[in-house]
Amino acid sequence: MARSSPTDKLKLVERLRGLSEVVAVTGDGTNDAPALHESDIGFSMGIAGTEVGSPPLTVVQLLWVNLIMDTLGALALATEPPNDGLMNRPPVKRTESFITKTMWQNIISQSIYQMVVLFVFEFRRKIHSQFGLN
């Protein structure tokens with residue numbers, strides 16, 4: 001839809017939202033403002049339109065963020081075994097929870113495990129410092 005008119009982009013966003021789809025739009029900020037406003041996620045690029053103001057991150061900081069995020073994403077994709085069924089799975093509905101029950105179980109169990117390990121290390125450190133052990 002890159003070369004479409006702003007009204008066509010807005011119509012597409014409205015139709016997709018009418019089907020309960022999550023819609024993300026990127027645009028220049030001026031012509032695409034109605035579609036950006038109507039979408040769930042809108043990114044204004046500021047290429048031909050109005051600028052957002054001074055950037056919160058410098059170019060080098062953005063490169064570091066990009067490097068770290070790409071690395072973590074690649075690790076997440078690399079650790080999951082290939083599965084043909086993933087491509088046949090329908091998209092997640094807007095009403096479904098982003099974090100599944102299994103994810104919550106993993107988050108809680110990892111948190112408990114890490115807290116226990118930290119408490120053990122802290123307890124050992126206090127015992128050693130109290131009795132002068134090194």
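The values are calculated or read from the model by the stated rules, or taken from the named source; none is laboratory data. Here the structure is a predicted model, which means the values were calculated and not measured. Because the Cβ atoms are built from the backbone with ideal geometry, glycine has one as well, and the counts that use them run over all protein chains shown. For accessibility, only protein heavy atoms count, side chains too; no ligands or nucleic acids. Shrake-Rupley method; radii C 1.70, N 1.55, O 1.52, S 1.80 Å.
Going residue by residue through region 54-68, is there one that turns out to be within 18 Å of the chain's Cα centre (by Cα), among the β-branched types (Val, Ile, Thr), open to solvent by less than 100 Å² (accessible area, probe 1.4 Å) and closer than 30 Å to SER20 by Cα? No.
Remark: pairs (first residue in region 29-40, free of Cβ contacts under 8 Å to residues at least 60 places away in the same chain and over 10 Å from VAL13 (Cα atoms); second residue basic (Lys, Arg) and open to solvent by less than 60 Å² (accessible area, probe 1.4 Å); Cβ separation under 9 Å; 6+ apart in sequence or on different chains) = ASN31/LYS9; ASP32/LYS9.
Cβ-Cβ distances below 8 Å connect the following pairs, each with a first residue in region 103-124 that is free of Cβ contacts under 8 Å to residues at least 12 places away in the same chain, a second residue that is open to solvent by less than 100 Å² (accessible area, probe 1.4 Å), and a separation of six or more residues or different chains: ILE107/ILE99. Only one of the numbered conditions (1) at pLDDT 85 or above; (2) under 22 Å from the mean Cα position of the chain (by Cα); (3) over 30 Å from VAL13 (Cβ atoms) is not met by THR100, and that is (3).
What number of residues within region 53-94 are part of a loop (DSSP other than H, G, I, E, B) and of a type in the set (Ser, Thr, Tyr)? Number satisfying all stated conditions: 2. Being of a type in the set (Gly, Ala, Ser) and in a loop (DSSP other than H, G, I, E, B) is the filter; apply it to region 1-20 and report the residue that is modelled with the highest pLDDT. Within region 1-20, the match that is modelled with the highest pLDDT is SER20.
The residue that is least open to solvent (accessible area, probe 1.4 Å), among those in region 21-47 that are in a loop (DSSP other than H, G, I, E, B), among the small types (Gly, Ala, Ser) and at pLDDT below 90, is GLY46.
Could you look through region 103-134, keep only residues that are small (Gly, Ala, Ser) and either surrounded by 10 or more Cβ atoms within 10 Å (Cβ to Cβ) or not in a loop (DSSP other than H, G, I, E, B) (or both), and pick out the one that is modelled with the lowest pLDDT? Selected residue: SER129. Against the conditions (1) open to solvent by 90 Å² or more (accessible area, probe 1.4 Å); (2) hydroxyl-bearing (Ser, Thr, Tyr); (3) under 30 Å from ARG17 (Cβ atoms), THR100 satisfies every one except (1).
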